[in-house]
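The values are calculated or read from the model by the stated rules, or taken from the named source; none is laboratory data. Because the structure is predicted, anything quoted here is derived from the model rather than measured. Cβ: placed from backbone, ideal geometry, glycine included. Neighbour counts: every protein chain shown.
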Amino acid sequence: MDPTKDDDGTPGWDAINAALAALYPGQEPKHYGTALPYTLGGKDPLDGISVYWATAPRPHWHYVTYGLSELYDKQSDDAQTSGFGFELTFRLAVDDAAAAPPAWPMNLLQNLARYVFATGNVFEAGHHMDANGPIALDSDTCLRHVAFLPDPQLPARDTANGHLSFLQVIGLSDAEMAAIKRWSTDGVLHALEPGMPLWITDLHRASLLDDADLARQVEAGSARDGSSTAMLFVETLAWRQEGESTVLVLGAGQVPSLLELLPLRLRYGNPLTVIGSDRAWTFQPGGRDALVAGEDEMTCTLTPASLDALLRDVHAERGRYPLPEAGLVIEVVPTILRDAQDNAVREIG
């Protein structure tokens with residue numbers, strides 16, 4: 001399908017086109033469609049990705065997805081929201097206008113869309129994820145995480161199929177993601193914006209927090225506000241009852257993020273919810289250890305002593321880590337990293 005044509009029955013597609021035509025007047029995008037639609041058994045949930053060339057504030061490709069919102073006739077019962085309510089964008093810094101945009105950002109965007117379609121978990125501004133490796137597979141970039149903020153040049157809009165926003169995917173280093181967890185996505189990225197205008201992802205850059213002044217600014221925000229990261233999305237999350245204990249199963253790849261976030265939330269009096277594909281586990285602080293089960297959810301209250309024990313005893317290596325005072329066993333299983341063809345490429349833990 002040609003995304004530059006306004007066809008009957010494509011009001012969602014036309015709304016995305018209109019937003020981009022206003023930003024890039026007269027530019028014909030490079031559009032990459034999906035050979036086999038997801039609804040017919042294909043692996044790529046997005047109907048397509050358009051890529052635009054921009055020269056300011058530095059040369060970059062601007063990728064925009066088609067398919068997380070309702071592109072064609074309205075199907076869902078939610079008249080206020082188009083599909084999942086958003087499309088993803090990504091900006092990649094390049095030295096010059098190459099003949100074709102690199103393909104790896106399209107694989108990244110398809111993988112993120114695949115997660116949304118498979119789990120129903122919707123990305124929102126401020127969310128972030130660990131990529132479990134370089135965001136561009138087989139590269140030596142220090143960018144190993146992504147965060148989401150509204151695309152600064154594509155405002156949200158109302159369409160015939162409901163509300164639509166554009167969420168930009170932003171590549172971040174370990175140090176930058178750690179700072180976000182200690183403070184907030186919005187706070188850190190706005191502090192870093194002078195060194196990363198329009199939050200353009202540059203695979204070749206170093207961590208912006210190598211700048212001592214920026215690092216001090218970010219640490220001051222964290223000390224003042226605590227962490228605003230209330231949710232952690234993970235691939236592996238399960239639990240079962242074994243005698244008097246509840247066994248919580250986590251992937252080794254997500255354990256470091258959990259151990260980093262728990263004290264930054266619970267010690268400030270705030271909960272942390274770990275979200276998997278079909279269930280959610282919430283840790284919260286309290287004066288007495290407790291486990292309360294709901295439908296596809298569990299609330300785990302930890303005393304300061306149990307929190308200390310969890311942080312001390314649990315590691316990102318396969319094994320079972322008992323926390324008897326909390327009636328809890330944390331079982332860590334390996335995390336398998338896969339490429340775009342779903343082949344296993346690395347095992348963590």
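Quick rundown of the values:
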quantity	calculated
Breaking point among (1) modelled with pLDDT of 95 or more; (2) surrounded by 16 or more Cβ atoms within 10 Å (Cβ to Cβ); (3) touching a strand residue (DSSP E or B) at 6+ places or on another chain (Cβ under 7 Å); (4) farther than 20 Å from P197 by Cα, for Q80	(2)
Test: residue in the stretch 329-337 that is part of a loop (DSSP other than H, G, I, E, B), within 22 Å of R144 (Cβ to Cβ) and modelled with pLDDT under 95	yes
Filter result for L164 (touching a helix residue (DSSP H, G or I) at 6+ places or on another chain (Cβ under 7 Å), part of a loop (DSSP other than H, G, I, E, B) and farther than 30 Å from L302 by Cα)	no
Unique residue being under 20 Å from the mean Cα position of the chain (by Cα) and without any contact (Cβ under 8 Å) to a residue 60 or more places away in the chain when the list is S184, S222	S184
Filtered residues of the stretch 204-235 (kept if assigned to a loop (DSSP other than H, G, I, E, B) and more than 26 Å from A252 (Cα to Cα))	H204, R205, A206, D211
Output for the stretch 251-302, where each listed residue is of a type in the set (A, V, I, L, M), under 20 Å from N132 (Cβ atoms), modelled with pLDDT of 90 or more and outside any strand (DSSP E or B)	A252, V255, L258, L259, L262
Residue in the stretch 237-246 that is within 17 Å of R182 (Cα to Cα) and either free of Cβ contacts under 8 Å to residues at least 12 places away in the same chain or of a type outside the set (S, T, N, Q) (or both) present	no
Hey, E295 in contact (Cβ under 8 Å) with a residue 24 or more places away in the chain and exposed (fewer than 13 other Cβ atoms within 10 Å of the Cβ) or not	no
Candidates I330, I336 - the one that is in contact (Cβ under 8 Å) with a residue 60 or more places away in the chain, among the β-branched types (V, I, T) and under 26 Å from Y115 (Cβ atoms)	I330
Selection from the stretch 157-175 of residues that are under 30 Å from D77 (Cα atoms) and crowded, with 16+ Cβ neighbours inside 10 Å	T159, N161, G162, H163, L164, S165, F166, L167, Q168, V169
Residue selected from the stretch 216-266 under the condition over 25 Å from H190 (Cα atoms) and among the charged types (D, E, K, R), by the criterion surrounded by the most Cβ atoms within 10 Å (Cβ to Cβ)	E235
Residue check for V146: β-branched (V, I, T) and within 14 Å of the chain's Cα centre (by Cα)	yes
